[in-house]
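Everything on this sheet refers to the single structure shown next.
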Amino acid sequence: MDKNNESKRLYYRQSGAAFMLAGLLLLIEAVHIATGWIWMLAAFILAVIVTIVYAVVSSVRIERRQRE
């Protein structure tokens, strides 16, 4: 497999995980709005932090792998 296809695969995997996490964010917020449970707001904030950390760490790992 050539290096270009490998780098695309990494970005596709990152995009898929990011969209999955974004969908989870929307689901959590919908449950929070529908039920009014305050603890769902905490879960939403935690999920936002996890999504941001994942995006940054994943981007750094992809860049490091491409430099090798």
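For the chain, a simple Cβ point-charge model (Lys and Arg +1, Asp and Glu -1, everything else neutral) yields a dipole of about 300 debye relative to the Cα centre.
Each residue of the range 12-17 is assigned a 3J(HN,Hα), and the resulting list reads 5, 5, 5, 5, x, 5 Hz, derived from the Karplus form 6.51 cos²θ - 1.76 cosθ + 1.60 (θ = phi - 60°), x at Gly and Pro. Considering only protein heavy atoms and a probe of 1.4 Å, how much of the accessible area of the chain is carbon and sulfur, as a whole percent? For the chain, the apolar C and S fraction of the accessible surface comes to 69 percent. Each label point was placed 7 Å from the Cα along the Cα-to-Cβ direction; for Gln66 and Glu6 their separation is 1.4 nm.
Leaving out ligands and nucleic acids, and using a 1.4 Å probe, what accessible area per residue does the range 1-47 come to in Å²? The partial results should precede the final answer.
Numbers: 3570 Å² over 47 residues.
Averaged over the residues of the range 1-47, the accessible area is 76 Å².
Comparing Ala34, Met20, Ser59 along the charge dipole axis of the range 6-68, the residue lying farthest to the positive side is Ser59, per the Cβ-charge model.
Model label sites at Tyr54 and Ala18, defined 7 Å from Cα along the beta-carbon direction, differ in position by 1.2 nm. When only alpha carbons are used to place a centre, the range 46-68 and the range 1-38 end up 13 Å from one another.
Evaluating kT/(6 pi eta Rh) at 10 °C and 1.306 mPa s, with the Kirkwood radius of the chain over Cα pairs in the Stokes-Einstein relation, gives 118 µm² s⁻¹.
The long axis of helix 38-67 is offset from the longest Cα principal axis of the chain by roughly 0 degrees.
The values are calculated or read from the model by the stated rules, or taken from the named source; none is laboratory data. All of these numbers come straight from a predicted model, not from anything done at the bench. For neighbour counting, all protein chains shown are included, and Cβ atoms are generated from backbone atoms with ideal geometry for every residue, glycine included. Side chains are part of the model used for accessible areas, which takes the heavy atoms of the whole protein and leaves out ligands, DNA and RNA. Shrake-Rupley method; radii C 1.70, N 1.55, O 1.52, S 1.80 Å.
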